[in-house]
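Note sheet for the following structure.
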Amino acid sequence: MSHFDTVLPIWSAIQSRFFRTASELSPDDLALSFGSASIGGMLRHNAEVEYMFAEWFFRRPMPEHVKLATSGGPAGFAGDADLGALLQLLGDSNEQLRGAMRDLPEAAWTEPVVPPMGGPASTPLEAVGRLMYHAGIHAGQISMIRKQANLRRA
């Protein structure tokens, strides 16, 4: 079994849960924030990180139309007000990453790559783990922000 065949079901489970969380948001939820990090900013940031990792670790160039607004993290980015556009961006970034993973030669999955952002080298296999962790952190933050907003409204 290839690395892609092993990783894809796990990635799909994490990503589909994150996407479902995003899909259940209302447009008003996008402006909710914790400190300077808004839910809309987190959604955009998550998509951008998927595009960046597809390029850095899986050799798939970022589409020219994708403009990075949250590469330093979601804090300070006011976020997008268009939920439909954010959901489209999340779907597109996931497709970009899946295609990049599918096309990566089997031997490359365990070759260390030093990302342009610096830090320690990671293999593409490790990078998928980092993406899963990243999506989980932001999913938890989104849930916490929504819960706090609902408590304030009550």
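The values are calculated or read from the model by the stated rules, or taken from the named source; none is laboratory data. Keep in mind that this is a model prediction, so the values were computed, not measured. No Cβ is skipped: glycine too gets one built from the backbone with ideal geometry, and neighbour counts run over all protein chains shown. With ligands, DNA and RNA removed, areas are computed over all heavy atoms of the protein, side chains included. Shrake-Rupley method; radii C 1.70, N 1.55, O 1.52, S 1.80 Å.
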A careful count of residues in segment 20-67 that are in contact with a helix residue (DSSP H, G or I) (Cβ under 7 Å, 6 or more places away or on another chain), surrounded by fewer than 19 Cβ atoms within 10 Å (Cβ to Cβ) and assigned to a helix (DSSP H, G or I) gives 5
In segment 114-147, anything open to solvent by 80 Å² or more (accessible area, probe 1.4 Å) and over 27 Å from Ile39 (Cα atoms) is listed as Val114, Pro120
Check: Has segment 104-113 got any residue that is over 20 Å from Thr21 (Cα atoms) and surrounded by 18 or more Cβ atoms within 10 Å (Cβ to Cβ)?
Finding: yes
The residue from Ser33, Ser23 that alone is of a type in the set (Gly, Ala, Ser) and at pLDDT below 95 is Ser33
By residue number, the members of segment 111-154 that are of a type in the set (D, E, K, R) and touching a residue at least 60 places away in the same chain (Cβ under 8 Å) are Arg130, Arg146
Scanning segment 130-154 residue by residue, those small (Gly, Ala, Ser), over 15 Å from Ala54 (Cβ atoms) and within 20 Å of the chain's Cα centre (by Cα) turn out to be Gly136, Ala139, Gly140, Ser143
message: Taking the criterion of being modelled with pLDDT of 95 or more, open to solvent by 30 Å² or more (accessible area, probe 1.4 Å) and farther than 30 Å from Glu24 by Cα, would at least one residue in segment 80-90 satisfy it?
response: no
